[in-house]
Structures are given as C-alpha cells and as structure tokens.
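A.B. asks: Dropping a structure here in structure tokens format, bear with me for questions.
The values are calculated or read from the model by the stated rules, or taken from the named source; none is laboratory data. Remember, predicted model here, so these are calculated numbers, not experimental data. Please note: Cβ atoms are built from the backbone with ideal geometry, for glycine as well, and neighbour counts cover all protein chains shown. Only protein heavy atoms, including side chains, enter the accessible area calculation; ligands, DNA and RNA are left aside. Shrake-Rupley method; radii C 1.70, N 1.55, O 1.52, S 1.80 Å.
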Amino acid sequence: MKPFDYHVATSIDDAVATLAEHPRAVYLAGGTNLVDHMKLGVAEPELVIDVSRLDLSEIAPIDGGVHIGANVRNSDLAAHPLIRAQYPMLARALLSGASGQLRNAATTGGNLLQRTRCVYFQDITTPCNKRAPGSGCSALGGYVRYHAILGASPDCVAVHPSDMAVAMAALDAVVVVEGADGARRIPASEFHRLPDDEPHRDTVLHRGELITAVELPPPPTGAVSDYRKVRDRASYAFALVSVAAELSFTGDEIATARIALGGVAHKPWRARAAEQVLVGAQPTEDVFTAAADAELAAAKPLPGNEFKIELTHRTLTAQLRMLTERGAR
C-alpha cells in the first residue's frame, strides 16, 4: 500500500470542499471495499477523507417511508424494525451480503459505491478498461461465470456486486447526494451506469459528490416482497443471480410489480419489461413465464455463462410464485 494523507471531515461541506481541492482524494466510510483495493493496488489515493464520523446515521420515518443516513451500518439497517416490517426485501438482501463482521462495518453509502468483484479488475497485472480505460477487457475470452448477460458492452462485461443496491433499485429508493453545486436526488434505479464505452464510471455521481442519505417511499398497500439470491455456496459469496421483487394484488390481479435483478448486469437491473407483463394480469405460471421471457429477450450471454439465462428465468418465476402464495394468505 502506498503512503497517503488522511483527513477527518468535520462536516459535509468540509468533506466536499476538501475532495474538490485534491484530484486524487477519496472518501472513506466503512472501508470494507476501499481498503481492499488500496492493498491490491487497484486504488492509489493521495488523500483519504474520513466521513465516518459525520452525523449521517439516522433511520427515521419520513412521509410514510424511511430516511436512511449514509453512515448507517448494514447490520443496523437490516435489524431495524421499520425496515423489517415495511421492507423485508431490503432486510433479506442486506443479510445475504458478506459476513456479519463486514455488515457491522459497511455503510449504506459505501455499499452503493462498492466496485465489481471481477477477477480481472482486481488483478493489476491484467488489462481492464474499468481500472485502466483503453487497456482492454481481459474477461472477454476468459473466466466469465459471474459476468453479465444484460446491458454489457465490448468494453466491459463485469457485474455490480451489491445485494442491497438491487433491493434499493426495486423499491424506487432515492439517493440523496451533496456536492459543490448543492444537493441532488437521484433515483436508485438510475444511480448506477451501464458500461457503454466508459466502464470506469460506475455511477452518475459528479466529481466530489458525497452520498448523505437514501430515502425509501412507502410500500404499496398490502405489498409482499422478498429477496432471493442464488450463489455457489451458502454464505459469503456474490450472486450468480438474485431477484428483488415486490407484488401487490387487487382481487385476482396483480396491482403493482417492482422487480430488480442482481448478478446479471453492470448495474442493478430494473426488470421493467417483466413488470409490464405482470401488472393487470392474473398471477399464473403462464404469466410468470411470459414476464421472465420478456425480460430476458435481450440477454446476450458469453461463452461460459449461458446457464445464467435459464437460472435467471427459474429464479424470477420462483420468486413470483412465492410472493403470490404469500399474498393469497
């Protein structure tokens, strides 16, 4: 690890202003991702700005929804009564990620900003457009079991690793950020980017912007939700495929549907095509199959991860089936 300077931010304004003055500065909260990258040589900041002591750790009701400070620890968020009662999908997603020790350190803002676990991105001896723009993508023709089947580009086929972010995208969360030009509110489903020809840009954040909170809207009346993660082992593994889904019902029809997929794209993938098939339809196996077919019509697997299309299809339909059974109780 290369030497670096360290600054403890005393306020949001201090953090933003300090980073703006230093082109090779980074924010540090829980450090569960950044510190790893500094050890690997993936990140080499000259200044680390510690924002972990800022007063951004509140979980509070707001307009029927919930306000979540950016420094709320993952374990605290998963255990909070408001989250468990109104957003079980989010609680389950948080508990599906990492280990208990890491969840005790990781923050809400940091979780949204964690970078891909692509083995080529983490290996500084290999070309990687995400790490070194223009150098190439070593995953193409390489090991791609965990890589994208939706929204990839010739420059990058990596996937976003977060479980929490998938649930946030499905829940229509809003990410609140503060920068030199003031505050912005960004829909969680639009916060992360597809790679296109700039895979080094994970999010739509402007230089120096700091996540200060995430806000969740109230869930639809009678909604049932959950998070399902398929992985190679039962714990401490990233998703091959995951599904965050919420349904509500009116009579014998699906009134609302909110779905996001993980492990399949460079960002949490909001399943808009599947949602359109589901809303207004009866919750039958044929409808679930049609919804999955519609979402996966644009899938383009790589040689070596073709199985992810069928796995995503089965995981999504199983999740819809389970939520329907719960909603009928």
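A.B. asks: Please verify whether ARG53 is among the basic types (Lys, Arg), over 20 Å from the mean Cα position of the chain (by Cα) and surrounded by fewer than 15 Cβ atoms within 10 Å (Cβ to Cβ), treating the condition exactly as stated.
C.D. replies: The answer is yes for ARG53.
A.B. asks: So, one more: Sort through ALA292, ALA274, ALA281, ALA257 and tell me the only one that's in contact with a helix residue (DSSP H, G or I) (Cβ under 6 Å, 6 or more places away or on another chain) and part of a loop (DSSP other than H, G, I, E, B).
C.D. replies: So the residue among ALA292, ALA274, ALA281, ALA257 that is in contact with a helix residue (DSSP H, G or I) (Cβ under 6 Å, 6 or more places away or on another chain) and part of a loop (DSSP other than H, G, I, E, B) is ALA281.
A.B. asks: Here's a follow-up. For residues in the stretch 18-34 being surrounded by 15 or more Cβ atoms within 10 Å (Cβ to Cβ) and part of a helix (DSSP H, G or I), which is farthest from the chain's Cα centre (by Cα)?
C.D. replies: Looking at residues that are surrounded by 15 or more Cβ atoms within 10 Å (Cβ to Cβ) and part of a helix (DSSP H, G or I), I get THR18.
A.B. asks: Inspect all residues belonging to the stretch 38-56 and state whether any of them is in contact with a Pro (Cβ under 8 Å, 6 or more places away or on another chain), aliphatic (A, V, I, L, M) and not in a loop (DSSP other than H, G, I, E, B).
C.D. replies: Yes, because at least one residue in the stretch 38-56 is in contact with a Pro (Cβ under 8 Å, 6 or more places away or on another chain), aliphatic (A, V, I, L, M) and not in a loop (DSSP other than H, G, I, E, B).
A.B. asks: For the stretch 57-79, which positions are touching a residue at least 24 places away in the same chain (Cβ under 8 Å), touching a helix residue (DSSP H, G or I) at 6+ places or on another chain (Cβ under 7 Å) and either in a helix (DSSP H, G or I) or open to solvent by 20 Å² or more (accessible area, probe 1.4 Å) (or both)?
C.D. replies: ILE59, ARG73, ASN74, SER75, LEU77, ALA78 - these are the residues of the stretch 57-79 that are touching a residue at least 24 places away in the same chain (Cβ under 8 Å), touching a helix residue (DSSP H, G or I) at 6+ places or on another chain (Cβ under 7 Å) and either in a helix (DSSP H, G or I) or open to solvent by 20 Å² or more (accessible area, probe 1.4 Å) (or both).
Each row is one residue, and each column tells you yes or no for (1) in contact (Cβ under 8 Å) with a residue 12 or more places away in the chain; (2) surrounded by 15 or more Cβ atoms within 10 Å (Cβ to Cβ); (3) of a type in the set (S, T, N, Q); (4) assigned by the TED database to the domain that holds VAL16.
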| site | (1), (2), (3), (4) |
| --- | --- |
| GLU190 | yes, no, no, no |
| THR203 | yes, yes, yes, no |
| ILE211 | yes, yes, no, no |
| LYS229 | yes, yes, no, no |
| PHE238 | yes, yes, no, no |
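A.B. asks: Next up: Name the single residue, out of those in the stretch 100-125 being open to solvent by 30 Å² or more (accessible area, probe 1.4 Å) and part of a loop (DSSP other than H, G, I, E, B), that is farthest from VAL166 (Cα to Cα).
C.D. replies: In this case the residue turns out to be THR125.
A.B. asks: Looking at the stretch 84-99, which of the residues that are in contact (Cβ under 8 Å) with a residue 40 or more places away in the chain and more than 14 Å from the chain's Cα centre (by Cα) is surrounded by the most Cβ atoms within 10 Å (Cβ to Cβ)?
C.D. replies: Here the residue is TYR87.
A.B. asks: Quick check: is even one residue across the stretch 304-311 modelled with pLDDT of 95 or more, assigned to a loop (DSSP other than H, G, I, E, B), open to solvent by less than 70 Å² (accessible area, probe 1.4 Å) and in contact with a strand residue (DSSP E or B) (Cβ under 9 Å, 6 or more places away or on another chain)?
C.D. replies: Among the residues of the stretch 304-311, not one is modelled with pLDDT of 95 or more, assigned to a loop (DSSP other than H, G, I, E, B), open to solvent by less than 70 Å² (accessible area, probe 1.4 Å) and in contact with a strand residue (DSSP E or B) (Cβ under 9 Å, 6 or more places away or on another chain), which makes the answer no.
A.B. asks: Is one or more of the residues making up the stretch 218-239 of a type outside the set (Val, Ile, Thr) and farther than 27 Å from THR315 by Cα?
C.D. replies: No: the stretch 218-239 contains no residue that is of a type outside the set (Val, Ile, Thr) and farther than 27 Å from THR315 by Cα.
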